[in-house]
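Taking it in order: structure first as C-alpha cells, then the write-up.
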Amino acid sequence: SGHYGRGKRINQIMEDLRSKDSRRMFRGTSKVSKILRAPAKELEWDSDQVIDAVVKAGAVPLLASFLNHSEDQKLQSEAANALANISAGSADNTRAVIDAGVVPIATLLLESQSIDLQDHAAWLLANIACENCTCVLHAGALNPLLKLLDSLCESNKSNNTSEQSLIKTATWLLSNLCQYTDSFEIVKECLPRLAKLIKSNNEAVLRDACWGVMYMCKLSIQEVLDSGACDTLVKLLMHSSDDVTCVALEALLAIFSNGTLKKEKSTDCDSALIPLL
C-alpha cells in the first residue's frame, strides 16, 4: 500500500506540473521541492528513491521549462529549487537535469533582479558543477557569477537574510568551479575574488572561500602566493571556528608543502606562520 500511495502522490504532482494553470504549476513544483526535502522516515523511502521516481515520472523537462517563465519569478525560483534538489542525486539524475537544457538558463538567471532566484540558480549550478564542471563553465556561468560576487562584496550586503544566503551559495559555486577544473587559465579570475572572500565575517563564506583557495593551489601555488591570500590564511588560524581554522591550515599546507616557490615571496608568511604552529 505504501508503494501505491507514493505512486499516487507522484501522479498528482505530475498532473499539476502538466497543467496550463499557473497556480497548479506552482503548486506541483512546490510539492516536488517538499517531497525531495522530506525526511526519509516520513516518506518511508530514501531520498535517492524519491529523486528517481520524480525523474522517471518526467518531471525534469517540465521543471526546466518553468525556468523560462520570466513573468512569474516565484515559479522560476521554485523550479530552480526543485531542480537543485534533483541534481544533488545520482550522476544519472544530474545528467537528466543537464540534458533538459537547464545549465544555460540557470546561467542567465544569475543576472536576475530577484535575489531568491539568483540564489536558487547558483545552488542548482553548484550541484551540477560537482558532476560536470565543464558543462557549467562552457555555458559561461563564471562571468555573471564573478559580477554577482563583486556586486555583493562592493555593496557589503550583510544584514539581509536573503543576501547572506546568496553570497554563501555564490561562494560555494565559485569554490566548486575551482575544485572540478584542471586549468588555472579558465578560473584565474576567481583568485582575486577568493582573496577578498577569505576576509568575510560569515563563517560559511570563509569556509568555502578557503576551500576555493586550496583548490587553486593545486592549479598554481605561485599565483595564490602572489595574490596575497597567504597572509589572510595565516590570520585565520586564530579564527574561533575550528572548521575555518582547519580549512585555512589545509590551504597553507598546500602552499608550503611545495618546494618550487620563490623564496622571497614566502619569507613573510613563514615568519608569521611559525609562531602560530
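The values are calculated or read from the model by the stated rules, or taken from the named source; none is laboratory data. Since the structure is predicted, the reported quantities are computational estimates derived from the model, not experimental observations. All Cβ positions, glycine included, derive from the backbone under ideal geometry; neighbour counts span all protein chains shown. The protein model used for the area step is the full one, side chains on, heavy atoms only, and it has no ligands, DNA or RNA in it. Shrake-Rupley method; radii C 1.70, N 1.55, O 1.52, S 1.80 Å.
Figures for the structure shown
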{"quantity": "Accessible carbon and sulfur surface of the chain relative to its total accessible area, %, 1.4 Å", "calculated": "47"}
{"quantity": "Normalised contact order of the chain, rounded percent, pairs of Cα under 8 Å and 6 or more residues apart", "calculated": "11"}
{"quantity": "Over 19 Å (Cα to Cα) - which of 168/235; 188/218; 74/168; 34/168; 8/31 fall in this group", "calculated": "168/235; 74/168; 34/168"}
{"quantity": "Under DSSP loop assignment and at most 11 Cβ neighbours within 10 Å, longest trypsin sites (Lys or Arg not before Pro)-free interval of the chain", "calculated": "21-261"}
{"quantity": "For segment 83-141 versus segment 174-231, the gap between their alpha-carbon centres in whole angstrom", "calculated": "21"}
{"quantity": "Candidate residues 214, 238: accessible-area rank, largest first, probe 1.4 Å", "calculated": "238, 214"}
{"quantity": "Relative contact order (percent, whole number), segment 50-199, Cα cutoff 8 Å, 6+ residue spacing", "calculated": "20"}
{"quantity": "Segment 50-113 - Rg and Dmax from Cα coordinates, angstrom", "calculated": "11.1, 33"}
{"quantity": "Only Lys, Arg (+1) and Asp, Glu (-1) charged, at Cβ; the chain dipole about Cα centre in debye", "calculated": "700"}
{"quantity": "Extended-chain gain in nm, criterion 0.36 nm per residue less alpha-carbon gap, residue 73 and residue 183", "calculated": "36.1 nm"}
{"quantity": "Computed FRET value (nearest 0.05) for residue 22 with residue 243, which takes r as the C-beta separation and R₀ as 51 Å", "calculated": "0.75"}
{"quantity": "Over segment 82-123, relative contact order from alpha-carbon pairs under 8 Å, at least 6 apart, %", "calculated": "31"}
{"quantity": "Most mobile of 253, 142, 117 in a GNM of the chain (Cα contacts under 10 Å)", "calculated": "253"}
{"quantity": "Anisotropy class of the chain from Cα gyration tensor, a/c 1.5 cut", "calculated": "prolate"}
{"quantity": "Point-charge dipole on Cβ atoms (K/R +1, D/E -1) for segment 1-143, about Cα centre, debye to 20", "calculated": "520"}
